[in-house]
Amino acid sequence: MKESEPARRSPLLAGALSALLPGLGHVSLRQWYRGVAILLSFLVLTGIVAWYAEPLISWDSSIYPLLAFLAWFKFGGFWYLAPAGMWLWNIWDAASLAGCGRTRTILIPLLFGMMAAYGIGWQLVEVDFSAASLDRAMAIIRPMLYPDMVEERRELNRMWTYVSVPCSATETPPQARREEDGKVASATPDCAKLSEALTVSVSGMWPDTDTIVWWETAIGDDKPLGGNENAPLIVRTDATGSLTVVIHVPSTVMIAQPDPSLMLQHRVYFDQYRPLGGYQITSNGGFVLKGMMESVTMALMATTLSILLAIPISFLAARNLMGGNPFTLFIYVITRTILNFVRSIEALILAIVFVIIVGLGPFAGVMALAVHSVVALAKLYSEVIEGIDPGPIEAVKATGANWLQVARYGVIPQIVPPFTAFTIYRWDINVRMSIIIGMVGGGGIGQYLIQWIQINEMGAVGAAFIAIAVVVITLDYLSAKVRERLV
Amino acid sequence: MLRIQNLTKVYPNGTQALKDVSFEVKDGEFLVVIGLSGSGKSTLLRCINRLIDPTEGKITWDDIDITAAPPAELRRIRRQIGMVFQQFNLVKRSSVMTNVMNGRLGYANPWLSLLGIWPPTDKQRAVKALERVGIADKASSRADALSGGQQQRVGIARALMQEPRLVLADEPVASLDPVLSHSILHYLEQLNKEGMTVICSLHFLDLVHRYATRVIALKDGIKVFEGLPAEIDRAKFKEIYGEEAQEVRATTVEASA
């Protein structure tokens, strides 16, 4: 310490003072700054620990004080060690300062502070790896490994028949038999209760072909019939194109039916597929492509729109142009403040606002991206303008050029390449942002993605992930290459 | 003949860069301006082509009053005055060729030049200028891909494009390796021998002795010396540069120029 006259005092007194009130010993040794700092950090640390580690078990509720203490200690009282350690260190530090004029390392209280911060932080964010379930993870990851993007082109041969569920006391059910194009499908009996067995058969189908037998409820929900009502039932037709199989009415077909005694017409389907050769994009795959195209276009539109606004604004936000007199400086400060304020609002939040203003869809996303890009680009552009080298401008002026020529040959070559580089970079960011923005209704692939996640269509989610990865990596690479060239 | 009368420059922040400086430069002279950093050398050179407007005083060039010239006439005057800078002042991202062509802006059709269309004769002139300074092979390189010495040669080629009668060189070798100094100054000397007037500010006294036909010295914006290079002896040197100055030589061995 650079005290001109080291205030040597009794270490005992200084220690006692600091024990009474942390930092008081230091203050008595005229170490004002250290004393106040110690007091403040002690108070903050104690406050945080007390706020978080309220004892869950009251002391007098137990007949065994030691057990009660241990329980209290386990449920957070433990963290009181941190302020206690800090308090002890403060006494030691004060005594040492009084005794030999040397302070002790602040590493120790720092360690106590970090112990409390990280320990409490760990508990507050509820880090709990035991909550993770590999089964649940696999349940969503496995279908994602079969992206719903392309499929074999194939031909469908379908037949179905009505079945009534449940049987009515008063009505006779219609006959569960249907003929079409030489195909006959039937079920016996004509009606059945939930989970009751039914014999269904079909003839006139393709011979020796796997046939998926499935149930469609009266309101059009698909129900698989195999396994434990969770897997497709696949039966092979014989050489004449017929099959007969016993099924059970799925237990969930009457969910949400207000009157469970009301007899309704359900259907049993028989589907056969035959490859036609070649591949085609699935319907979800088509949505992936459409969404991706929408996202990239949204980013392009937003970036283009934002350039038009960002260029004039960037001139207002460039200090070297606006610093000349108090009026322009005022405009500069206002512009900068607005830019910084708007820039702090994430495009995602803006998208939620624009969805309300202009409705769901890509336009809301474009507006959100555009507003965010304008402020981001204006700031980058203005920094380019601030970084213009006055040397070449001076040199071009000295050749007798007029001001347009000075702008064309002295200024523009300096700002166009970095402007372009930043713009491409922004477009790159906007493509990534447009994917997220779809999730709040701003159009693009994100909008499909969030819906697929919600209806557990993980195959389509997998396809969307692949499309996003391909587009983002490609753009990333291209924009990096182009920027490398320009700067 | 360039005549500078009572030139004074006070910057808006109050700095007095030049105080009542007067001198004359005859056609064909190689005038060197010396003085410490901040003594007003750069301001003086920039007043001559009015990159900086003087506060007071008058500059006349063959009966043309530069200080009173309206913008259009000023541009006609500027195109006859080539300028070479300490930091080369090239547009770094443009090609060497574009930088050299910039020297022709004062002569070109203003509208065509904005579109980047140049007369073929100007292009030939640019190739010749680059050949003259020995970097014709670098024409399509980006300016910042060149070394410092090469960049300064581009600067000279740009000045040559103006077909100048007067060349202002503001510390043309101060940013270069000392061994390159002679090669750059050699080009200026050649131009001078072809009849161009050269006004050049320099730091190293040995270069002054080697190239100058006449010297003026500035100290705190005041002209403290005017005369032949040989007249700068040890006492004069101390007077110009201050008591604590030590002479440093740019090169110990005379370049084989």
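The values are calculated or read from the model by the stated rules, or taken from the named source; none is laboratory data. Note that the structure is a prediction, hence the values are computed from the model and not measured. FYI the Cβ positions are ideal-geometry reconstructions off the backbone, even for glycines, and counts take in every protein chain you see.
Points worth noting:
- Tally of residues being charged (D, E, K, R) and either touching a residue at least 40 places away in the same chain (Cβ under 8 Å) or over 24 Å from residue B:25 (Cβ atoms) (or both) across the range B:57-82: 3
- Wholly enclosed helices (runs of 4 or more DSSP H) of the range B:82-182 bearing at least 2 residues assigned by TED's automatic domain parsing to the domain that holds residue B:2, modelled with pLDDT of 95 or more and over 22 Å from residue A:407 (Cα atoms): none
- Among the candidates B:80, B:150, residue that is touching a Pro at 6+ places or on another chain (Cβ under 6 Å) and either away from chain A (no Cβ under 11 Å) or over 17 Å from residue A:393 (Cα atoms) (or both): B:80
- Within the range A:158-189, being polar (S, T, N, Q), crowded, with 18+ Cβ neighbours inside 10 Å and touching a residue at least 40 places away in the same chain (Cβ under 8 Å) holds for A:161, A:164.
- Residue pairs meeting the criteria (Cβ under 9 Å; at least 6 apart or on separate chains; first within 8 Å of chain A (Cβ to nearest Cβ), in the range B:83-99; second buried (at least 24 other Cβ atoms within 10 Å of the Cβ) and of a type in the set (Phe, Trp, Tyr)): B:91/A:409; B:94/A:409; B:98/A:409
- In the range A:440-466, of all residues being without any contact (Cβ under 8 Å) to a residue 24 or more places away in the chain and in a helix (DSSP H, G or I), the one that is nearest to residue A:147 (Cα to Cα) corresponds to A:453.
- Filter result for residue B:67 (β-branched (Val, Ile, Thr), surrounded by 14 or more Cβ atoms within 10 Å (Cβ to Cβ) and either assigned to a loop (DSSP other than H, G, I, E, B) or more than 11 Å from chain A (Cβ to nearest Cβ) (or both)): yes
- Within the range A:392-416, the residues that satisfy the criterion of being facing another protein chain (nearest Cβ under 8 Å), assigned to a helix (DSSP H, G or I) and buried (at least 18 other Cβ atoms within 10 Å of the Cβ) are A:392, A:394, A:395, A:396, A:397, A:398, A:405, A:408, A:409, A:410, A:413, A:414.
- Hey, residue A:297 of a type in the set (Val, Ile, Thr) and touching a helix residue (DSSP H, G or I) at 6+ places or on another chain (Cβ under 8 Å) or not: yes
- Check on residue A:346, more than 11 Å from chain B (Cβ to nearest Cβ) and among the charged types (D, E, K, R): yes
- A Cβ distance below 7 Å, combined with a sequence gap of six or more or placement on separate chains, defines the contacts here; from the range A:347-373, residues that are closer than 20 Å to residue A:448 by Cβ reach residues that are of a type in the set (Asp, Glu) in the pairs A:362/A:294.
- Of all the residues in the range A:201-260, those that are touching a residue at least 40 places away in the same chain (Cβ under 8 Å), of a type in the set (Gly, Ala, Ser) and under 16 Å from residue A:165 (Cβ atoms) number 2.
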